[in-house]
1. Taking 7 Å along the Cα-to-C-beta vector as the label spot, tell me the Asn711-Leu382 distance in nanometres, rounded to one decimal.
2. So which aspartates and glutamates pass the test for Lys662, namely a Cα distance under 15 Å, with those fewer than 8 places away in the same chain ruled out?
3. List the aspartates and glutamates whose Cα sits under 19 Å from the Cα of Lys140, skipping any in the same chain fewer than 8 residues away.
4. Could you compute the FRET efficiency for Leu326 and Glu547, with r as their C-beta to C-beta distance and R0 at 41 Å, rounded to 0.05?
5. Got the relative contact order for region 303-360 handy, in percent, Cα pairs under 8 Å and 6 or more residues apart?
6. Sorted by packing (mean other beta-carbon atoms within 10 Å per residue), highest first, where do 604-617, 699-712 land?
7. Would you calculate a helix-derived [θ] at 222 nm for the chain, using -39,500 (n - 2.57) for each DSSP H run of n ≥ 4 and dividing by the full residue count, to the nearest 500?
8. In the structure displayed, which of Lys449/Lys682; Lys440/Lys840; Lys63/Lys309; Lys47/Lys635 lie more than 32 Å apart, Cα to Cα?
Amino acid sequence: MDKITQKTKTGPENSNRSGFQVRNILFVSAPYHLPGLKVDIHPSPWKITHAVSMEEAAELLDKAPFDLLFIEIEALDDSTGITVQHLKSLCPGLQVIFLVQPGWCKARPLERDADHIFIWSRTPELFHAMVRFVEDQRCKDTTRRAVLLVEDSFEYTSFLLPAIYKGIDATFPGAGLILSGSHEAAMDRFRELGQRLDCVLSDTRLPCRGIESPGAGIDILSTIHREMPGLPIMLMSAERANKTMAQSIPAPFLDKNTNQLDRDLHEFFRSLAANRPAQGRKNHAKDQYPVQTSPAGLTRIGYGSIGGKARGLAFLAQTLNRRPDLETAYPEMAINIPDTLIFCTDIFDDFVRDNDLAELTGRPLAELVQAFIDAPLPREVLRHLKTYLAANCAPLVVRSSSLLEDAVNHPCAGLHKTYMIPNNHADPDIRLSHLATAVKLVYASAYYKKAQAFVRSTTVQPFRDSMAVMIQEVSGSRYKDFFYPAISGTAHSLNFYPAANAKADEGVMNLALGLGRTLAQGEQSFRVFPKHPQATPQFSGTRDFLENTQNRFYALRMEGYPETLRFGICSNLERRDLAQAIEEAPVKALTSTYMPVEDRIRDTWYCKGPKILTFAQVLKYGTPPLTAMINDLMKALAHDAGGPIELEFTADIPEKSSKPWKVSLLQVRPMFTPRDTSLITKKDLDEAVCVSTSALGNCTLDTIRDIVYVNPETFEGGKTSDMAQQISRINADLAKNNRRFLLAGPGRWGSSDPWLGIPVDWQQISGAGAIVEIRDGTIHADASKGSHFFNTITSQGVPYITVNAGAADRIDLEHLDGCRTVRDEGFIRHMRLKRPLLIKVDGKHSRSVIINAGKSAETT
């Protein structure tokens, strides 16, 4: 029996459809996921109970009956001794679904444990479809009509399921869905269902008598067409040559390789609906994108998913509701999550499909962006935007919230755009135009090359990313012509670069004056250890403070802006010098004064002399105790998430000193933490060509033979942009042959400031298997711990190795045995070894070594 039919076979214990409907669901997953799921499916016809482990699931099943059990694959733990079969024994008739990630490892024979396995895209459409699918399989109504899907791929079954149910509702209302995964199972179902069949969709390459047959689907549909010539059928295949075979049946053909698979399936069902009487079919034209407010306080429009970033807000809201003491313990601050309006992923999908925008994948950026701007938003969406603007005249920010964004296993931070608008134009139509343009530009960023490259590296065909957008009021205050918060900050509950007396589990923060673009771009910020806020290990003395503290910041211009805004330049933001804002309240509160005569820094603005952004009022004197509050909040979030987290926030000064500071929590996501351990021996240290005591990652790599590094002999500080282009060309050539490489050079990788490092983006170094940041004095820059670029690198599992000047660390990549120069671009050199390097990163102790394996082999 094939693996899919085996799971869908009805047994004698099954009741009819009216007797079996899913009511009680047990969902086993990491605790971070459930709040977002509840918002996604709100309002829900089911009672959903959450468990964080198999042991807890067993306890719950022992106390109460459940109809359906979802288990995210990460929650399986063989060490507990709790098996799926044991859980089923506690609740007879329980249906079990395994939820796995795209590209999951199939080493474990999961098929024998679960009733069904689905690739979990975290969309409400798939969740509803899975529940409905289980109900369909348990239906014993022998008069009910059905659609037959013949497919043996978990990936395609999971992707097609929601679209097929939409097609059934539009074309064959009341019909159920039957799934078969082999030639013989499909033919058995065809004989069983006979005249009750409404439609058959079949893959081409299927198992037949236990052996994969390249033409099994063709035989199935040819037989069905001969016996029931009027029955709608469709042949599906990832092999385009089978389109000719489909014509010979004859049958419509669905190309599985297209990036518009769901659209083509939608068109197939629509063509069938056009030829059928309308009686009984549901009309979804009204209330296409309904407005709903969830218990988490998020307002969502549409039926799709709220996306990863918004799921983080739902989790954040749950923790704040559980811990009201966090605010009462710190009366000096008013903690809030900004009111959030979310346009769900189905609006993005409809917008892209209706305007044929997916066809623009890979087109030049200017052409892509203009096409999105020119494409009209759905009328109902514009109506919702008008309603929203009628009640909101504060500055607004439009943020991305893609499906893949901020996931536990691949938090792709910073790949998509964020846009801010002043929202104060006298003409309401122009305000609407500004907001609509911002929404469409966020949508467009899903098709940028670097975003597409990330999707390809983290998921599999046919899955792709989709985009929700969040609209919020900008956190901050207005100062004459500009709007910005006093402080933008990021916080990580794990610190892989502890210094002074700080410990790894005490976390780290980065603070900046003004809007958070400074942090997102990896520009100069102030690094803080929450438990030791007065420590400043990144500054060695007064001169360091003068030269390396933040002296420019971002603010939103509120007056004197062009009618079309400046969407292409800094997202309508302006980069201001600290001196331009010297009389504004945040600068007065957060700066200190350098006293040249004394060669010292006084923690006050009210002295004559150069101003330095030190955040002394907050860090030294606890006015307010921001670091203590963020530290407590991080602990609470990490506890609730079941692992380390990253937090983004702003803090704004009140107009009156008697009022509390306003702390806005903008975003939380799981922090990427590798699971393996790579122990480094004394022998490794002796043989290493590179030793680091400040390494991020946890892995052993033994396949990299290519090295791309900045030539120290030709390095020029003013030419780092040219170096980025040279690296990009080498990266592109290596990517063609799927060759991973070691990237090494001075300064901060990915910095938007070319004087702080090589200003590459992810796309330009996407083939890097490991990255070395050399801090030998060539470039003076703090490690890029607060930047989205850095987070993306680490989320990809790419080890980031920092080599500091000093006796403990060392590096010598220019004198490797068995090495030849492949390409010399002037500033950048590409070398290749006969044998791969051995790269070991011990994440627990922040150590790393790179060993010339070729030399070791020759020695032995």
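The values are calculated or read from the model by the stated rules, or taken from the named source; none is laboratory data. None of these values were measured; they are calculated from a predicted model. Positions of Cβ are backbone-derived with ideal geometry, glycine not excepted, and every protein chain shown enters the neighbour counts. For the accessible areas, the whole protein counts, side chains as well, though only heavy atoms, and no ligand, DNA or RNA atoms are used. Shrake-Rupley method; radii C 1.70, N 1.55, O 1.52, S 1.80 Å.
1. With each label placed 7 Å out from Cα toward Cβ, I get 5.7 nm.
2. Of all the aspartates and glutamates, those that pass the test against Lys662 - Cα under 15 Å, at least 8 places apart if same chain - are Glu327, Glu332, Asp339, Glu473, Glu648, Asp652.
3. Excluding near neighbours in sequence, the set is Glu13, Asp67, Asp115, Asp188, Glu192, Asp198.
4. Computed FRET efficiency for Leu326 and Glu547 comes out at 0.65.
5. Relative contact order for region 303-360 comes out at 54 percent.
6. Packing order, densest peptide first, comes out as 699-712, 604-617.
7. Theoretical 222 nm ellipticity from helices: -9000 deg cm²/dmol.
8. Pairs exceeding the cut-off: Lys449/Lys682; Lys440/Lys840; Lys63/Lys309.
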